[in-house]
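S.K.: My structure is below; once you've seen it, I'll send some questions.
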């Protein structure tokens with residue numbers, strides 16, 4: 001019943017064998033083998049450490065109530081996330097290269113759902129085990145912690161599949177028939193309802209609201225969700241997760257058996273419920289499959305982050321300013337600026353998120369005085385450079401498939417290198433400098449100590465972007481979802497990351513050394529503190545500019561020798 | 001226009017061009033071997049050959065996408081190796097699968113191309129090209145929204161816009177509908193009439209036969225024949241009154257591949 005028919009089982013088996021063969025083939029070359037070994041060491045070591053922690057945690061385990069609450073919290077979060085995700089992925093998702101073949105094959109649609117859920121279940125094993133090990137750290141019976149997590153994930157997959165099918169059908173039958181005005185009216189009414197509830201819950205002295213506020217302000221003790229889950233309404237909301245929570249918290253193997261049986265039964269029922277829904281999901285599935293394929297294609301083309309988000313037609317009406325002039329360099333930079341402007345929503349969201357999180361992080365470094373303020377600003381600049389440059393990526397990654405055409409443009413290689421990266425550099429530098437000024441103003445006003453950091457930010461950003469892109473041009477590689485060679489990818493990402501960090505450290509360290517050396521040594525020769533600071537900044541700036549020029553030259557060389565046969569790497 | 005007229009400066013001059021891909025085995029793969037040719041302004045040269053003959057490698061090397069391993073390329077008198085920027089200002093390239101920028105509209109692609117080639121008054125010509133390609137209604141459409149055929153049309157418009165001296169077209173009609181094909185053919189002829197030299201690489205032999213004044217047949221990296229279709233008939237298929245197809249099969253058959261033009 002819940003098992004898919006023989007042809008689909010064969011397909012799953014063959015695909016797994018094919019995947020395995022590919023892994024082995026990739027590991028046959030010396031490079032592939034080394035990368036696989038590094039990847040295996042990283043992933044294996046991490047997993048081994050997790051298992052080791054579980055074994056060592058024996059005896060330290062918290063009480064059953066705490067474990068159950070933690071499981072409820074994790075379950076509630078996962079259920080919420082999965083349900084929201086299911087609403088945006090309507091119908092049955094089957095990869096684009098398979099969907100037409102499977103829909104045209106003599107197979108029942110229910111069997112396709114079963115097949116999909118089994119495959120999804122097997123694919124989520126790794127995540128399930130990982131999550132299970134976390135729960136097992138404190139579970140009285142370790143195995144139950146892992147089993148509860150795995151079974152919970154599988155049941156959640158069945159639930160989200162059912163939601164995706166039902167929501168898709170509802171959307172077709174109801175939402176699509178509504179006029180635009182009615183749809184906006186419905187959204188407005190819903191928003192009013194939510195606002196009304198919020199107003200009601202915060203105006204009166206509702207015990208649970210004050211309890212929740214208290215818990216939130218106190219924070220979650222030991223990183224556990226147990227505190228939050230003692231709040232009554234959330235506990236009620238988490239009721240459907242009870243069987244898995246009870247299984248994870250079972251005090252003994254025998255006591256957990258009924259819960260185990262119930263969890264297995266719920267999983268089987270979940271699969272059958274999703275499979276037997278009397279809804280024709282073919283059209284929706286084709287749409288979903290095409291949307292997801294398009295999303296993956298965008299990520300493959302752009303290398304992820306904000307630059308892989310979809311540009312909506314409405315945004316094309318937004319004029320793109322020619323910030324860098326109308327020369328060939330300005331034109332190339334303008335083309336990249338269009339990406340920033342037309343993906344403004346994503347850009348803004350990512351910027352605010354990173355800046356807000358970083359502000360919270362650096363504020364935890366206390367201390368008074370100029371040195372502490374300098375340290376906080378410096379940390380903000382360093383971490384900000386790293387996170388913003390990775391989040392707001394408008395670089396050569398999204399142009400990998402177009403490098404052949406770009407090489408025919410009538411500009412020099414280093415001009416092309418600079419012009420392509422100019423908008424990203426300008427954006428991140430402006431954001432960081434602006435955020436630093438605002439933070440310092442909030443903290444009591446701008447001081448002279450901020451000047452060296454403000455001067456260093458453009459250089460740090462330039463270094464990171466240049467090094468990141470030079471490494472990419474020398475070894476072009478983009479990790480994308482569903483890509484083959486998990487072990488090699490992990491190994492390669494590790495190696496490339498290491499190379500970037502080392503080179504960046506060397507360059508940034510040289511600026512720091514020039515600045516700190518001048519700042520600290522000159523006062524010994526009788527130069528005033530302020531003059532030493534100014535001279536130190538100048539020294540750092542000078543050394544930094546030389547480094548930036550060197551990196552630009554290297555970038556131009558890397559671009560010139562880039563082999564377009566590697567396109568799509 | 002007579003492309004074969006003497007004393008006319010070449011739009012393109014290639015001498016002894018060779019290219020070996022190192023990754024193709026113990027001794028690498030010889031993609032091009034001693035290729036030499038001249039293309040006059042206003043001439044359309046058809047480039048044909050079986051798969052793996054070296055057509056795309058030749059075009060990519062001439063476009064400056066691949067480095068020159070051996071030989072020399074001169075575009076409008078500018079040596080591609082020494083004066084790369086000047087040479088590239090004289091050429092445009094349209095690949096077999098154009099990838100427009102997803103964040104730019106159709107009109108902005110032309111604006112960008114104009115700025116890249118230092119054109120000031122580009123709007124009138126852009127409007128004319130868009131109208132000719134039936135892309136006027138798509139002015140504000142984003143690159144990512146265009147169909148395969150429209151992408152191809154846009155790439156051709158961008159190529160024609162700066163009035164380059166040399167245009168390299170690699171399978172330019174893929175994805176176009178019959179009307180689009182006719183329009184593209186007309187635009188190739190019109191640009192050539194204005195003095196642009198065109199190298200047209202295609203597997204559609206009828207298209208090459210219809211447009212090209214001379215043909216270059218490549219096989220396994222070597223030039224098998226370079227000349228007019230009439231000369232090809234006389235040389236490769238004597239006595240035949242056949243089409244380019246017949247000549248092509250005669251030229252690229254195993255026993256004929258050794259012949260050198």
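The values are calculated or read from the model by the stated rules, or taken from the named source; none is laboratory data. Not measured: the values here are computed from a predicted model. Ideal geometry is used to build each Cβ from the backbone, glycine not excepted, and the neighbour counts take in all protein chains shown.
S.K.: I'd like the full set of residues that are within 19 Å of residue B:114 (Cα to Cα) and in contact with a helix residue (DSSP H, G or I) (Cβ under 7 Å, 6 or more places away or on another chain), limited to the stretch B:155-186.
M.R.: B:156, B:157, B:158, B:160, B:161, B:162, B:167, B:168
Okay, residues lined up against (1) at pLDDT 90 or above; (2) surrounded by 22 or more Cβ atoms within 10 Å (Cβ to Cβ); (3) within 8 Å of another protein chain (Cβ to nearest Cβ):
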{"position": "B:96", "(1), (2), (3)": "no, no, no"}
{"position": "B:107", "(1), (2), (3)": "yes, no, no"}
{"position": "B:111", "(1), (2), (3)": "yes, yes, no"}
{"position": "B:128", "(1), (2), (3)": "yes, no, no"}
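S.K.: Next question, about the same structure. All but one of (1) farther than 27 Å from residue B:76 by Cα; (2) surrounded by fewer than 16 Cβ atoms within 10 Å (Cβ to Cβ); (3) modelled with pLDDT of 90 or more hold for residue B:177; which doesn't?
M.R.: (3)
S.K.: Moving on. Which of the following residues is within 16 Å of residue B:169 (Cβ to Cβ), modelled with pLDDT of 90 or more and surrounded by 23 or more Cβ atoms within 10 Å (Cβ to Cβ): B:47, B:35?
M.R.: Residue meeting the stated conditions: B:47.
S.K.: Additional query: Run down A:507, A:562 and say which single residue is buried (at least 16 other Cβ atoms within 10 Å of the Cβ), touching a residue at least 24 places away in the same chain (Cβ under 8 Å) and within 30 Å of residue A:26 (Cα to Cα).
M.R.: After ruling out the rest, the residue left standing is A:562.
S.K.: Name the single residue that is farthest from residue A:351 (Cα to Cα) among those in the stretch A:410-426 being within 14 Å of chain B (Cβ to nearest Cβ) and part of a helix (DSSP H, G or I).
M.R.: My answer is A:413.
S.K.: Here is a further query. Would you confirm whether or not the stretch B:132-146 contains a residue that is touching a residue at least 24 places away in the same chain (Cβ under 8 Å), closer than 28 Å to residue B:61 by Cα and away from every other protein chain (no Cβ under 12 Å)?
M.R.: Within the stretch B:132-146, not a single residue is touching a residue at least 24 places away in the same chain (Cβ under 8 Å), closer than 28 Å to residue B:61 by Cα and away from every other protein chain (no Cβ under 12 Å).
S.K.: State which residue is farthest from residue B:56 (Cα to Cα) when the search covers only the stretch B:192-206 and only residues that are surrounded by 14 or more Cβ atoms within 10 Å (Cβ to Cβ) and over 13 Å from the mean Cα position of the chain (by Cα).
M.R.: It comes out as B:195.
S.K.: Out of everything in the stretch B:59-94 that is more than 8 Å from chain A (Cβ to nearest Cβ) and at positive phi, what residue ends up being surrounded by the fewest Cβ atoms within 10 Å (Cβ to Cβ)?
M.R.: B:77
S.K.: Could you run through the stretch A:386-409 and say how many residues are within 12 Å of chain B (Cβ to nearest Cβ) and either under 17 Å from residue A:467 (Cβ atoms) or touching a residue at least 60 places away in the same chain (Cβ under 8 Å) (or both)?
M.R.: 8
S.K.: Next question. Quick test of your reading of the structure: residue B:159 fulfils all but one of (1) out of contact with any strand residue (DSSP E or B) (no Cβ under 7 Å at 6 or more places or on another chain); (2) touching a residue at least 12 places away in the same chain (Cβ under 8 Å); (3) within 14 Å of chain A (Cβ to nearest Cβ). Name the failing condition by number.
M.R.: Going through (1) out of contact with any strand residue (DSSP E or B) (no Cβ under 7 Å at 6 or more places or on another chain); (2) touching a residue at least 12 places away in the same chain (Cβ under 8 Å); (3) within 14 Å of chain A (Cβ to nearest Cβ) one by one, residue B:159 breaks only (1).
S.K.: Cβ-Cβ below 6 Å, separation at least six or inter-chain, first residue in the stretch A:79-94 and in the same structural domain as residue A:292 (by TED's automatic domain parsing) and in a helix (DSSP H, G or I), second surrounded by 21 or more Cβ atoms within 10 Å (Cβ to Cβ) and at pLDDT 80 or above: which pairs?
M.R.: The qualifying pairs are A:82/A:156; A:82/A:160; A:86/A:160; A:86/A:164.
S.K.: Using the structure shown, decide if residue A:532 is within 14 Å of chain B (Cβ to nearest Cβ) and surrounded by 14 or more Cβ atoms within 10 Å (Cβ to Cβ).
M.R.: No.
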